[in-house]
Each structure stands twice: as structure tokens, then as C-alpha cells.
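Visitor: Pasting in a structure now, in C-alpha cells, and then I'll have a few things to ask.
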Amino acid sequence: MSIWIVFKLLGSLALLMFGMKSMSEALQKMAGPQLRHALGAMTTNRFTGLLTGAVVTASVQSSTATTVMTVSFVNAGLLTLAQAISVIMGANIGTTLTAWIMALGTSYDISLAVYPGFFLGIILIYLKKHRYIGDFLFGLAFLLLGLTTLKATGTAMDLGHNEAVTSFFQSFDPNSFLTTIIFLFLGGVMTFCVQSSAAVMAITMLLCSTGAMPIYQGIALVLGENIGTTITSNLAALSANTQARRAALAHMFFNVFGVIWILFIFHWFIDGVIWLVDYVGNWLGKDMANMASTEKLNFVLAAFHSCFNVINAGILIWLIPQIERFVCWVIKPKKVDEEEDFRLHFITAGFMKTPELSVLEAQKEIISFSERMQRMFGMVRELLTEKDDQKFTKLYTRIEKYESISDNMEIEIATYLEQVSDAHLSDDTKGKIRAMLREISELESIGDSCYNMARTINRKVQGKNEHFTARQYEHMHQMMELTDSALTQLNNLMGGRKESFNVNRSFNIENEINNFRDQLKSQNINDVNNHVYTYGIGTIYMDIISECEKLGDYIINVVEARMGTKQRDA
């Protein structure tokens with residue numbers, strides 16, 4: 001019989017974790033774009049950043065989601081690292097709402113809300129128009145069912161009267177500092193192992209509410225959970241870029257600092273929280289003194305979690321510049337040559353938790369891809385005028401490497417997006433993935449055009465018999481200047497919000513490129529006929545001009561994909 005109770009306990013925790021995950025994903029699908037815009041617009045200073053982080057995390061029930069969005073904004077240059085730290089502090093406060101949901105769920109009879117939630121959820125899912133609300137209700141119902149089953153299992157196990165369990169916890173001196181450290185360590189290890197702070201909080205509430213574990217030891221577990229969840233994010237960020245690792249380290253520093261100062265006033269602080277719970281309960285008309293002490297302990301745990309994070313944020317918000325300097329000092333940027341670094345910067349295995357946020361990270365990777373292509377074109381412009389053979393060879397080799405990078409980036413981003421598209425996505429996100437696949441295909445074509453120009457220039461240099469005239473150089477520089485302007489407009493679009501982008505600028509530059517190409521094509525025929533230069537050098541010259549015009553077409557295709565317009569006829 002005992003083995004079935006254990007499985008029931010594990011199953012209820014699984015239901016709880018699945019419910020939390022489903023709720024978070026559904027909320028992100030419903031409000032993801034709006035929340036991302038809020039993060040970008042409402043973090044003008046450390047205080048609004050703190051508030052924004054708390055509200056967004058409470059809304060999506062996922063501090064990981066908030067942290068990932070915040071880091072992506074830092075990478076895009078929309079937020080400074082200092083602003084990101086304030087948002088992460090706020091995320092720590094927002095995530096404490098989970099503990100209050102559990103406290104209410106384990107202290108009141110919420111079983112009546114479970115099955116109506118499932119029923120309404122399935123109806124809304126089949127209606128499709130409101131399926132994300134249905135997904136949310138399903139997740140909420142699973143969460144409540146998990147809490148209800150957990151409460152019933154705890155009652156059935158009667159841990160408070162289980163001599164083996166109570167003896168184990170009583171063997172630790174509640175007033176000993178060593179006991180606090182031991183349970184703090186256990187909380188961190190448990191959170192790291194199960195990869196869910198919500199599950200550890202649920203276990204803690206179960207042990208405390210049944211009377212098996214004293215409240216002081218339970219709160220030590222909660223403190224350990226705060227550190228354990230940052231270990232997970234730091235390990236996940238190991239393969240990420242510098243800013244992601246700095247943000248993860250700031251998160252760990254925030255929680256470790258809080259644990260250190262609270263250890264000095266541990267028992268006094270808990271006694272204060274218990275007094276606060278009694279006072280607020282009595283003010284609300286509920287006699288907390290007469291409430292079963294075990295039932296009250298769940299509210300004490302939730303109140304401690306909130307008070308700890310709020311006070312810790314209140315202390316550290318004044319030290320954000322110092323925290324920023326510390327994490328930048330600890331984590332130095334990797335010294336890797338850009339053209340030698342084939343690794344994707346933003347897409348990292350294990351760091352992303354939901355498909356909606358994975359798409360956001362992929363978009364940042366595409367922005368990086370676009371910027372690389374403009375740097376590659378800049379190298380081609382340098383190659384055209386390079387006279388030193390050794391420098392020419394080195395520059396040509398770099399362009400070859402960039403062409404290889406563009407091929408690899410297209411394949412890796414496309415593979416990643418295909419994996420993401422297998423998940424249950426919103427229609428808006430599916431449309432974004434289709435547009436992004438088109439964007440990377442056209443960006444790779446830009447890389448091919450750059451490489452074709454470099455090979456054409458190399459062919460001319462290897463011939464060594466003929467040279468461009470001064471007029472040809474002037475025309476090629478003019479054409480390349482127009483093309484580079486088109487690339488600059490493209491990167492302005494990719495890195496900003498498309499609503500504020502004037503797409504007519506890009507179309508006007510493309511028209512200029514087309515008209516200039518037609519003008520030069522006619523002039524080239526006349527110059528060859530008039531023996532201004534040979535047919536051979538004229539062909540190489542027009543190959544470069546025509547490749548610039550093709551590159552301009554690829555740029556417009558990316559712009560159209562980003563703006564959501566239809567493919568033009570070439």
C-alpha cells in the first residue's frame with residue numbers, strides 16, 4: 001500500500017509541474033508580443049525595470065521566460081545590462097505568486113474548480129479561436145488537481161504521526177545554525193535535481209502542513225530553492241553568449257547575497273513573518289491564532305518567500321551599478337575572431353524553455369546574420385582597391401570564411417526553426433517562422449553574391465594584364481555605396497520595430513541601383529565599341545555591377561519578408 005502512496009505523491013507533483021508549464025506557455029502565447037514590448041518600453045530606470053519584471057513574471061508564471069526575454073533585449077541593444085539586472089530582480093518577486101497559489105490550494109478545498117476547468121478548457125480548445133484560453137484553463141486545472149491530490153496524499157500519509165519521519169526532523173536542533181545550513185543545502189540540491197522550484201515548494205508545504213517538519217527547517221529549504229534555481233540557469237547559460245552568462249551570474253549573486261544577510265537574522269525574521277501573517281489574517285477577519293497551526297504554515301512559507309525577495313530587491317536595487325561592474329569583471333568577453341567563430345550566438349541548447357521565446361532568440365540570430373553580411377560586403381569593397389598581394393590574399397580568405405559561415409548559419413537556424421515549428425504554436429508565431437525561413441534564405445544569397453564579386457575581383461587580379469579605368473572604379477564605388485546604403489536600411493529594419501520603418505527608403509534605393517545598372521550597361525557597350533577598354537575587362541566590370549544589382553534584389557526580398565509582404569516577381 002505504501003508504494004502506491006509514494007507513486008501518488010510523485011504523480012501529483014508531476015501534475016503540478018505540468019500544470020505550471022502549460023499555464024506559462026499558454027499565457028506567453030496570449031500575451032507574448034505585448035509583454036516583450038512592455039519589457040522594451042517600461043525599463044527606463046531601475047525602479048520601473050523592477051516593477052516590469054515583477055508584473056511580467058507574475059503574468060506568465062515563469063521567471064525563466066522573463067530572464068530570457070530580458071537577455072535577448074540586452075543582446076539587441078534595447079536594454080543595458082544594468083536595466084536587465086533590475087528586471088531580473090523583479091522576476092524574483094513575481095515568481096513568489098506561485099507560492100501563494102499553492103498556499104491557497106493546499107489550505108482550501110479547490111477540487112470543485114478542477115473539473116469545470118477541464119470541461120471549459122476542452123470546449124475552448126475545439127473552438128480554436130480561443131484555444132489559448134483553453135490551454136490556460138487546462139493547465140490551471142492540472143495545477144489545481146495536482147495540489148488537491150498532493151493535499152489528499154499528505155493527509156493519507158499522515159507524516160505528522162509517522163515516527164520515522166518526525167524522528168528524522170527532530171534529530172536536528174531547530175536553533176542550530178548548522179541545521180539551517182544543512183536544509184539550505186538540501187533545498188538547493190533538490191531544486192537542481194528536479195529542475196523545478198515549484199515542486200520543491202510544494203514538497204516543503206506538504207511536510208510543514210502535515211506537522212512533520214518544523215517551519216524553520218522548511219524556510220531553510222525555501223532559501224536553498226532560491227539558490228538552486230540560479231544554479232540551473234547558470235549551467236544552461238554556460239554555452240550562451242557573454243551577456244546571457246552575466247545576467248545569469250547577476251541572478252545568482254542577487255539570491256546568494258540575500259541568503260547571506262538573512263542568515264544573520266534568520267529566527268527573528270521568521271518570527272516577524274509569523275506575526276505579519278497573524279496580523280493580516282486577523283485584519284481580513286480570519287482568526288489566524290485559532291487556525292490550525294499546520295494550515296497557517298503554508299501562508300507563512302509564501303509570506304516569507306515574498307518578504308525575503310521584496311526586501312532583498314529593496315536593498316540591492318541601489319547597488320545595481322556595482323553588481324554590473326562585478327559580473328563584467330568576473331565574465332570577460334571571449335576573445336575569438338569574428339570570422340573564426342562559427343558558433344551561433346543567441347540560439348543555445350537548454351537555455352530556451354518555450355517555443356514562443358525560442359522564436360524570439362532565433363530572430364536575434366537573424367539580426368546577427370544580417371549584420372555579418374554587411375561586414376562581408378564591406379570586405380569586398382576593400383578587396384576592390386587592395387593593391388598589396390599579401391593583404392589581398394588574406395582579405396580574400398576572410399571572405400571565403402564568411403561565405404562558409406553564411407551557409408552554416410542558414411542551415412543551423414533553419415534546422416532550429418523546424419524543430420520549434422513542431423511544437424504547438426500560435427498562428428502569429430507560425431507566420432513569423434515562415435517569414436524567418438525566407439529571410440535566412442535571402443541573407444545566404446547575399447553572402448553568395450558577395451563571394452561571387454570577390455571571385456570576380458580575384459580573377460581580374462590573377463590576370464595581371466588588364467586594369468580597370470579610373471571611371472570604372474568610380475562607377476563601381478558609386479554602385480557599392482548604394483548597395484551598402486540598402487544593407488544599412490535592412491539592418492535598421494531588422495534591429496528595430498517594423499511599424500516605425502519607412503519601407504519606401506529601401507525601394508527607392510533599389511530603383512536607383514536598377515537605373516544605375518541599366519545606365520552603366522549601355523555605357524559599357526559604347527566604351528567597348530570605342531576601345532576605351534577591352535571586352536574582357538568590360539565583362540568583369542559588368543559582372544561586379546550586375547552582382548550588386550542582384551544583391552539589391554535579395555535585400556528587398558528580406559525587407560518584404562520582414563514586413564510581411566508578398567514575394568515580388570524578380
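The values are calculated or read from the model by the stated rules, or taken from the named source; none is laboratory data. In this text the structure is predicted, and so the values were computed from the model without any measurement. Ideal geometry is used to build each Cβ from the backbone, glycine not excepted, and the neighbour counts take in all protein chains shown. The area values use the complete protein model at the heavy-atom level, side chains included, leaving out ligands, DNA and RNA. Shrake-Rupley method; radii C 1.70, N 1.55, O 1.52, S 1.80 Å.
Visitor: Can you tell me how much longer the chain between Tyr473 and Thr385 gets when fully stretched, taken as 0.36 nm per residue apart minus their C-alpha distance, in nm with one decimal? Present the calculation step by step, with values, prior to reporting the outcome.
Guide: Working: separation 88, 0.36 × 88 = 31.68 nm, distance 0.87 nm.
Full extension of this stretch gives 30.8 nm more.
Visitor: Which entries in Lys364/Lys430; Lys151/Lys296; Lys401/Lys498 show an alpha-carbon gap greater than 26 Å? Each step should come with its number before you reach the end.
Guide: Values: Lys364/Lys430 17 Å; Lys151/Lys296 14 Å; Lys401/Lys498 31 Å.
Correct reply: Lys401/Lys498.
Visitor: Distance from the Cα centre of segment 165-211 to that of segment 375-426, in angstrom?
Guide: One Cα centre to the other: 52 Å.
Visitor: For Ala414 and Cys193, FRET efficiency with R0 = 45 Å and r from the beta-carbon atoms, rounded to 0.05? Before the final figure, lay out each step's value.
Guide: Numbers: r = 35 Å, r/R0 = 0.78.
The computed FRET efficiency comes out at 0.80.
Visitor: Once you place label points 7 Å from the Cα toward the Cβ at Lys430 and Val256, how far apart are they in nm?
Guide: Taking the simple label geometry, Lys430 and Val256 are separated by 4.6 nm.
Visitor: Another question, then. Can you compute 3J(HN,Hα) from phi for each residue in segment 199-215, using the Karplus curve 6.51 cos²θ - 1.76 cosθ + 1.60 with θ = phi - 60°, rounded to whole Hz and x for Gly and Pro?
Guide: 3J(HN,Hα) across segment 199-215, in whole Hz: 5, 5, 4, 5, 5, 4, 5, 4, 5, 6, 5, 8, x, 6, 10, x, 4.
Visitor: Could I ask something else about it? Output wanted: per-residue J couplings in Hz (rounded whole) for segment 522-535, from phi through Karplus 6.51 cos²θ - 1.76 cosθ + 1.60, θ = phi - 60°, x for Gly and Pro.
Guide: Those phi angles translate into 5, 5, 4, 4, 5, 5, 5, 5, 8, 6, 5, 8, 6, 4 Hz.
Visitor: Give the value in nm², to one decimal: projected area of the alpha carbon convex hull of segment 460-503, averaged over all directions.
Guide: 4.4 nm²
Visitor: What do you reckon, how do Leu147, Leu127, Leu50 stack up by accessible area (1.4 Å probe), largest on top?
Guide: Values: Leu147 0, Leu127 105, Leu50 35 Å².
Ranking Leu147, Leu127, Leu50 by accessible area, largest first, yields Leu127, Leu50, Leu147.
Visitor: Pull out a ≥ b ≥ c, the square roots of the eigenvalues of the alpha-carbon gyration tensor of segment 372-518, then state rounded if a/c is under 1.5, prolate if not and a/b is larger than b/c, and oblate in the remaining case.
Guide: Values: a/c = 3.18, a/b = 1.65, b/c = 1.93.
Because a/c hits 1.5 or more and a/b fails to exceed b/c, segment 372-518 counts as oblate.
Visitor: Work out the length of the dipole vector of segment 76-227 about its Cα centre, built from +1 on the beta-carbon of each Lys and Arg and -1 on the beta-carbon of each Asp and Glu, and round it to the nearest 20 debye. Spell out each step's value before the answer.
Guide: On the way: 4 positive and 6 negative charges, 133 e Å.
That gives segment 76-227 a dipole magnitude of about 640 debye.
Visitor: At a 1.4 Å probe radius, carbon and sulfur cover how many percent of the accessible area of segment 461-570?
Guide: Details: 2720 of 5880 Å².
About 46 percent, which is the carbon plus sulfur part of the accessible surface.
Visitor: Rounded, prolate or oblate, given the Cα gyration tensor of segment 179-230, with a/c below 1.5 counting as rounded? If you can, show how the numbers build up before the last one.
Guide: Values: a/c = 2.43, a/b = 1.34, b/c = 1.82.
It is oblate, given that a/c is not under 1.5 and a/b is not larger than b/c.
Visitor: Something else: Among 378-386, 208-216, what's the highest-first ranking by average C-beta atoms within 10 angstrom per residue? Display every interim value, and only then the final one.
Guide: Working: 378-386: 17.2, 208-216: 22.1.
So the peptides 378-386, 208-216, ranked by packing, come out 208-216, 378-386.
Visitor: OK, next. Give the separation of the Cα centroids, segment 253-282 to segment 485-532, in Å.
Guide: What the calculation gives is 65 Å, centre to centre.
Visitor: Another question about this same structure. Starting from the Cα gyration tensor of segment 475-544, take the square roots of the eigenvalues, sort them a ≥ b ≥ c, and report rounded, prolate or oblate (rounded when a/c is under 1.5, otherwise prolate if a/b is larger than b/c, else oblate).
Guide: Details: a/c = 5.13, a/b = 3.03, b/c = 1.69.
Note, shape of segment 475-544 comes out prolate.
Visitor: Where only protein heavy atoms count, and the probe is 1.4 Å, what is the accessible area per residue for segment 433-516 in Å²? Numbers along the way, then the final one.
Guide: Values: 3950 Å² over 84 residues.
Accessible area per residue, segment 433-516: 47 Å².
Visitor: Compute the signed sum of charges (Lys and Arg +1, Asp and Glu -1) over the other residues within less than 10 Å, Cβ to Cβ, of Val327.
Guide: Working: positive: Arg245, Arg246, Arg325; negative: Glu324.
With Lys, Arg at +1 and Asp, Glu at -1, the net is +2.
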